[in-house]
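The values are calculated or read from the model by the stated rules, or taken from the named source; none is laboratory data. Bear in mind that the values here come from a model prediction, so they are computed numbers and not experimental data. So basically every Cβ, Gly included, is an ideal-geometry build from the backbone, and we count neighbours across all protein chains shown. Note: accessible area is taken over every heavy atom of the protein model, side chains too, but ligands, DNA and RNA are not part of it. Shrake-Rupley method; radii C 1.70, N 1.55, O 1.52, S 1.80 Å.
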Amino acid sequence: MLEITDVDPLQYDLIFERFLNPGRVSLPDIDIDFCVRGRGDVINHVANLYGRDSVCQIITFGTLASRAAIKDVGRALEMPYSEVERIAKMIPPPVRGRNVSLTQALEQVPELRKEIETNPNVKELMEIAQRLEGCARHSSVHAAGVVISPVPLQELIRLRSRGRMN
C-alpha cells in the first residue's frame, strides 16, 4: 500500500489536487512531470531502454467548440466573415473553463434565437454547427504522455505514425 492518502498536504505546503481521495473507486495513475527542457531526452532514454516498439507518446484530439464550429461552418458556407464573427460573438464566454454549447447559447441569448428565426442563412449555419460541435477537429501528440509496454505496442493497440494509422 502506497499510503499516499495519508500525507497531510498542509504540513508540506502541497497542492491538494495532487492527492487521491480515499473514497475514489478507480485506481490513480502514476505520473512524473518533466520540464519541457529535457523532456525529449527523457522520452528518448525510455525508448532506448525499453525498445522503440514498446514505447510511444499519447495522441490527443482537439474538438470543435461552439465558436469554432460556427466559424468553420461559416467558412464552408462561404458566408461573409463579418456576419460569421457577429454570430460567433453572440456565444457567451466560457463558464469556469467550460465552453457554452450552441444549445445553451440558444437558451441564454434571445438575440441569437431571433437571428435564427429571421435569417435562413444563420439558421442553416447553426443547424450544421450544432451537428459538428464536439467532433474531433485535429490530432496532435500529447506534450508528455508516454505509454511503456512489456510487449510491442502494435500487438496491443493501434498506432499512429505521424500522418497515418498502423
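Search the structure for amide H atoms under 5 Å from the amide H of LEU159, placed 1.01 Å from N in the peptide plane, and list their residues when 5 or more places away or on another chain.
Amide H to amide H, under 5 Å and 5 or more residues apart or across chains, LEU159 pairs with ASN166.
When only Cα pairs under 8 Å and 6 or more residues apart are kept, what is the percent relative contact order across segment 60-101?
Details: 24 pairs, mean separation 17.6, N = 42.
Relative CO of segment 60-101 lands at 42 percent.
Which order, highest average first, do 114-122, 89-97, 68-76 follow once you tally other Cβ atoms within 10 Å for each residue and take the mean per peptide? It would help to have the intermediate numbers written out before the result.
Values: 114-122: 13.9, 89-97: 11.6, 68-76: 19.4.
The packing order, highest mean first, is 68-76, 114-122, 89-97.
Could you tell me the distance between the Cα centroids of segment 91-163 and segment 60-86, to the nearest Å?
Cα centres, segment 91-163 to segment 60-86: 11 Å.
Quick one: accessible area per residue over segment 77-158, 1.4 Å probe, rounded to a whole number of Å²?
On the way: 5710 Å² over 82 residues.
I get 70 Å² per residue for this part.
Under 1.5 on a/c is rounded, so check that first for segment 88-141, then, if it is not, pick prolate when a/b is larger than b/c and oblate when it is not; a ≥ b ≥ c are the square roots of the alpha carbon gyration tensor eigenvalues.
Values: a/c = 2.99, a/b = 1.43, b/c = 2.09.
Judged from the Cα gyration tensor, segment 88-141 comes out oblate (a/c at least 1.5, b/c at or above a/b).
Between beta-carbons, use under 13 Å as the cut-off and find the net charge around PRO120, counting Lys and Arg +1, Asp and Glu -1. Could you put the intermediate results ahead of the total?
Working: positive: LYS123; negative: GLU83, GLU115, GLU117, GLU124, GLU127.
Net charge around PRO120: -4.
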